[in-house]
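Reviewing the structure listed below.
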Amino acid sequence: MTHQYGDAFDRDRAVADIEALLATPLPEAGPTQSEEDPVTEEWVKDVGEGFVLAPLWESGYLAGVPGEEWNAEVEGADLKALDVAADLTRRWGTPRKVAMHGAMFRAEAGEPVPPLHQALCDADNYGDLTVWGPVPAGPQGADRWVGISVGHCDDDAPLVLMAVVSDREIEEVEGGPDRDAT
């Protein structure tokens, strides 16, 4: 569960949260550190080697939700991501997609995965990223890359709209069952 659990979706707040992530100091190296709310112990963000990952919105649990309603919840989460994406596209131009399946397959096989992608996998966020960048990061002047996606670890778990900000280009990780195909 994240500190966003139970909050109504608010696009303006989600965009403001991304702007705050752009101003977050990012370590050049070191292990990924998770930050939790000291009172609720809910996940707030992960900060790692050149990146920060944080939830923007979280749905309720989907346990017992019938098929049509479950599909509507998933579609609603995707629409929330599209709403945020439309705002960011107006600011920064056309984004690109970065598939997560390669990172997921490599992580599942115990193969090395870049720290940013490992953090996404650890957060059960296997949704493809919509990525902008480089974008201006504000006062520190360094360019950054911004990605958003909807993660969902299993049928009953909440859907989570996440943002990642990186001081390095967010690229697709090669891997998966067809990676050796010619």
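The values are calculated or read from the model by the stated rules, or taken from the named source; none is laboratory data. Source: prediction; values computed, not measured. Every residue, glycine as well, gets a Cβ built from its backbone with ideal geometry; the counts of neighbours run over all protein chains shown.
Tabulated values for the structure
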| quantity | calculated |
| --- | --- |
| Hey, Glu28 among the charged types (D, E, K, R) and either modelled with pLDDT under 90 or surrounded by 13 or more Cβ atoms within 10 Å (Cβ to Cβ) (or both) or not | no |
| Some residue of the stretch 150-167 being out of contact with any Lys or Arg (no Cβ under 9 Å at 6 or more places or on another chain) and in a helix (DSSP H, G or I) | no |
| Any hit, the stretch 83-97, residues being touching a Ser or Thr at 6+ places or on another chain (Cβ under 6 Å), of a type in the set (A, V, I, L, M) and closer than 16 Å to Gly151 by Cα | yes |
| Residue ID - surrounded by the fewest Cβ atoms within 10 Å (Cβ to Cβ), chosen from residues in the stretch 45-78 that are among the aliphatic types (A, V, I, L, M) and modelled with pLDDT under 90 | Ala63 |
| Residue within the stretch 101-110 that is over 17 Å from the mean Cα position of the chain (by Cα) and of a type in the set (Lys, Arg) present | yes |
| Of all residues in the stretch 83-103 being out of contact with any helix residue (DSSP H, G or I) (no Cβ under 6 Å at 6 or more places or on another chain), surrounded by 14 or more Cβ atoms within 10 Å (Cβ to Cβ) and aliphatic (A, V, I, L, M), the one that is nearest to Leu21 (Cα to Cα) | Leu88 |
| Residues being touching an Asp or Glu at 6+ places or on another chain (Cβ under 8 Å), of a type in the set (A, V, I, L, M) and in contact (Cβ under 8 Å) with a residue 12 or more places away in the chain - total across the stretch 46-89 | 7 |
| Condition met for Arg106 (part of a helix (DSSP H, G or I) and either modelled with pLDDT of 90 or more or among the small types (Gly, Ala, Ser) (or both)) | yes |
| Hits in the stretch 12-44 (condition: more than 18 Å from Pro114 (Cβ to Cβ), touching a helix residue (DSSP H, G or I) at 6+ places or on another chain (Cβ under 9 Å) and either without any contact (Cβ under 8 Å) to a residue 40 or more places away in the chain or part of a strand (DSSP E or B) (or both)) | Asp12 |
